[in-house]
Amino acid sequence: MLTNAAVKAARPKAAPFKLADAGGLHLYVTPAWRMSWRWRFRWQGKEQLLTIGRYPDLTLDEARVRVDEARAQLARGEDPRHQAEPGTPKVRAFEYVARAWFERHRTRWSPTHGADVLASLERDIFPAIGAMPIEAITTPVVLAAVRTLEARGKLETARRVRQRVSAVFKHAMIEGWHDRDPSAVIVNGLLPPPPARPQLALVDLGEVRQLVADVDALDAPIAGKLAARFLMLTAVRMGALRGARWDEVEDLDGAEPVWRVPAARMKLKVAEKAEGRNDHLVPLAPAAVKLLRAARAAIGGELLFGDVAEGAIGALYKRAGYGGRHVPHGCRASFSTILNQHFPTQRVEIDRALGHVGGGDKEEDINRKVEGDYNRNTYLPGRRRMFEAWADLLAGTADG
């Protein structure tokens, strides 16, 4: 069991972690040193999570009392998430409504994006207002919670979280649980996000080769290093990489191996994500095939690289000394820029290899939107040539 001394001594780590007490109660500690009490319990056969309150606003002893009261509710056949304060029946807490909204809409998102949506609420909102009755939450209360993100410099995150909070209130209105959205007007009270900047990327072949070598040389888990190298070889987005499964890899030991990235994990409109014809095919160069065989032997499981955290590869770049110079999404810019330098007449093939419908260059007399709707060619031979050329350039077996 936890002690007050252990709670006071808790310090942040690179990734969120839990300090377990007993009976499902634990202290959740984020890298930003925000700590909240959470309780795991089972409701109707499924495991659930209830945020009790924030530490140090709520002490260890007080958190235990809250859990005892919630456990008594459970024994009476009541869902503890329905009420914010013990003894106040049939009051819906914000966290309960938010989780109901999430369950209602989760099928619209990719698993990775859905996990990120829920994590942002658990991390940034539930500790502040999750236990409050939704009827008691006012505009200033929401604004105060969101402005804590602004205070940490997370301006874009603050706006995204505000949008999600607003969606939760709209869900409550639709269900007849509330009659207004107190978060709607605060959009005008938030700081504007900084101007969009191009993703940091190395575009010199020699520097890219050195980045790959430096990450390989790190004393770090093999799964993360293999994922980083595969990201460079395939130039996909992180959402595609993090959810990559073995059943998406076709003909790995054959003549034309390919990774079929489901449309659901591609950057597409919601309606397009449901159509298999929008799957992105990534031909696998021999170097990528060799890497996947190594991953299969070293990692195992359904996912190519196990549970790759959102910031794992970026953290490796920083450890290797490339912080402020290159980010994971920058691998796409590296791929495009360097290949266009070496193959200036292959711009369309390079763009298609990145999963851009219709090619990257404007093609005269072609309506690219219409072509994307009706042209079902996959252009695999051209894509394969580009990925093999890119792998050769990275390995130094082609002219650099």
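The values are calculated or read from the model by the stated rules, or taken from the named source; none is laboratory data. Everything numeric in this text was worked out from a predicted model, so none of it was measured. Here the Cβ positions follow ideal geometry from the backbone for every residue, glycine too, while neighbour counts run over all protein chains shown.
Taking (1) in contact with a helix residue (DSSP H, G or I) (Cβ under 9 Å, 6 or more places away or on another chain); (2) modelled with pLDDT of 85 or more in turn, VAL91 satisfies each apart from (2). The conditions of being under 24 Å from the mean Cα position of the chain (by Cα), surrounded by fewer than 16 Cβ atoms within 10 Å (Cβ to Cβ), assigned by TED's automatic domain parsing to the domain that holds ARG385 and farther than 30 Å from THR139 by Cα are not met by ASP219.
For first residues located in segment 134-162 and closer than 19 Å to VAL117 by Cβ and touching a residue at least 40 places away in the same chain (Cβ under 8 Å), partners that are of a type in the set (D, E, K, R) and surrounded by 15 or more Cβ atoms within 10 Å (Cβ to Cβ) and lie 6+ apart or on another chain with Cβ distances below 6 Å form the pairs ILE134/ARG92; VAL146/ARG162; VAL161/ASP124. Tallying residues that are β-branched (Val, Ile, Thr) and either under 13 Å from TRP390 (Cα atoms) or modelled with pLDDT under 65 (or both) within segment 342-363 yields 2.
Pull up segment 272-293, narrow it to residues that are in a helix (DSSP H, G or I) and at pLDDT 95 or above, then point me to the one that is surrounded by the most Cβ atoms within 10 Å (Cβ to Cβ).
ALA288
Counting residues in segment 178-196 that are of a type outside the set (Ser, Thr, Tyr), farther than 30 Å from THR138 by Cα, crowded, with 16+ Cβ neighbours inside 10 Å and not assigned by TED's automatic domain parsing to the domain that holds ALA309 gives zero. Within segment 32-46, the only residue that satisfies the criterion of being among the polar types (S, T, N, Q) and part of a strand (DSSP E or B) is SER36.
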